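Report on the structure given below.
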Amino acid sequence: MELYEKTIEEIKEIEVAIELRFGVDPDEEHIELDGDLINDIAIMSEVFC
Amino acid sequence: MENYCIHPQRLLPQWKALVENRSHLDEGEKRSAKILFSALKEMDKEDIQFLSAKYYQSEQGGREHPLREGYYKTYKPISDQKMAIVSGITSDKYREKRLKVENRLRAKLLEVNHKLLAIDRENLEVYVLKLGDLYLKDYEISSLGYISKEFTFTQESEKATKFDKSSKVGMELIRTMHLTKENPSKTEWFPILWIDMEQIVN
C-alpha cells in the first residue's frame, strides 16, 4: 500500500513537472454541480465564499 | 478595502459564464461569483427562476473568453420583448416586474457586500486603523503598559501605523476606540484644504 501511494505521488509530481515544462497550467480543482438551478447556486456560493 | 460589484445589470450577464468557467476564474471573477451567488442564495425561488429565464437561460454569448476557446465571459440577456411574449404579458408589465426583482437583488447584493467586506477586513494580515476618514498615525504606550489617551491621526493612509493580524495593541484600539480595520494598500484622495492666511492674520 505504501509503495502504491508513493508511486501515485511520484506520478503526480511528474505530471506537474511536464505541465510546467510545456507551459500548460495544471488542471484546477473541478467543481461538481448538481444540475438543479437552486442547488447549483448554493454550491457556487459555498465554493467561492 | 476593495469593494465588490453590487450592480445586477453587470453581474447577471456573467451568471451563466461564471458557472461554465467555474474552475478557471480569475481573482476578479471569483469576487463576482462570491457576491452574486451569495446574494442569489438569499432570494426567493420565484425571483431566481424569473432572473434565470432572462439571464441564465440565454444561449447568445456576449464577450468571448480570451483564454478558453468556445467559452464566454458574459451572455446577452434575452430581450424584455421576447420574455414578455413567453410570459404572456405586455413588455411594459414584464419590464416593471423585472426592475422590481432586480431591485430586490440589488438590496441583497448590498447586504452581502457589507458582510463580505467585514470578513475581508477581519482576515487582513496587516492593517491600518481608521476613525471616519482619518487614519491612526501614532499612539503612545505608557511605562505602566497602558495605551496613552493622546493619539495622532492623518488623512494619508500610507503614513498610518500598520498592525499585524495578531497585534494585541491593534485589537485593544479597535475594542476601546471603535476604530475600524482598513487595507493599508488602499489609496484615498482628499481635497486639499486651502486656508486664507490673509483673513486669519486680519
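So here's what we get for this one:
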{"item": "Residue that is assigned to a loop (DSSP other than H, G, I, E, B) and not polar (S, T, N, Q), where the choices are B:Leu136, B:Leu109, B:Leu129, B:Leu144", "result": "B:Leu144"}
{"item": "Which numbered condition B:Ile48 misses (of (1) within 14 Å of another protein chain (Cβ to nearest Cβ); (2) over 19 Å from B:Lys100 (Cβ atoms); (3) among the β-branched types (Val, Ile, Thr))", "result": "(2)"}
{"item": "Selection from segment B:1-24 of residues that are not in a helix (DSSP H, G or I) and not charged (D, E, K, R)", "result": "B:Met1, B:Asn3, B:Tyr4, B:Cys5, B:Ile6, B:His7, B:Asn21, B:Ser23, B:His24"}
{"item": "B:Leu99, sole failed condition from (1) away from chain A (no Cβ under 14 Å); (2) under 18 Å from B:Asn3 (Cβ atoms); (3) not basic (Lys, Arg)", "result": "(2)"}
{"item": "Among the candidates B:Ser23, B:Ser32, residue that is within 8 Å of chain A (Cβ to nearest Cβ) and out of contact with any strand residue (DSSP E or B) (no Cβ under 7 Å at 6 or more places or on another chain)", "result": "B:Ser23"}
{"item": "Pick from segment A:2-32, criterion modelled with pLDDT of 65 or more and part of a loop (DSSP other than H, G, I, E, B), ranking: farthest from B:Glu27 (Cα to Cα)", "result": "A:Phe22"}
{"item": "Segment B:17-31, residues that are buried (at least 18 other Cβ atoms within 10 Å of the Cβ) and over 15 Å from A:Ile31 (Cβ atoms)", "result": "B:Arg31"}
{"item": "Which listed residue is loosely packed, with under 14 Cβ neighbours inside 10 Å and either among the acidic types (Asp, Glu) or modelled with pLDDT of 95 or more (or both), from B:Asn123, B:Asn103, B:Asn202", "result": "B:Asn103"}
{"item": "Candidates B:Tyr4, B:Tyr56 - the one that is of a type in the set (Phe, Trp, Tyr), within 20 Å of the chain's Cα centre (by Cα) and surrounded by 16 or more Cβ atoms within 10 Å (Cβ to Cβ)", "result": "B:Tyr4"}
{"item": "Candidates B:Ser38, B:Ser58, filtered to the one that is of a type outside the set (D, E, K, R) and more than 11 Å from every other protein chain (Cβ to nearest Cβ)", "result": "B:Ser58"}
{"item": "Segment B:71-91, subset assigned to a loop (DSSP other than H, G, I, E, B) and in contact with a strand residue (DSSP E or B) (Cβ under 9 Å, 6 or more places away or on another chain), residue nearest to B:Arg10 (Cα to Cα)", "result": "B:Thr74"}
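The values are calculated or read from the model by the stated rules, or taken from the named source; none is laboratory data. Only a predicted model underlies this, so the values are computations on that prediction, with no experimental measurement involved. FYI the Cβ positions are ideal-geometry reconstructions off the backbone, even for glycines, and counts take in every protein chain you see.
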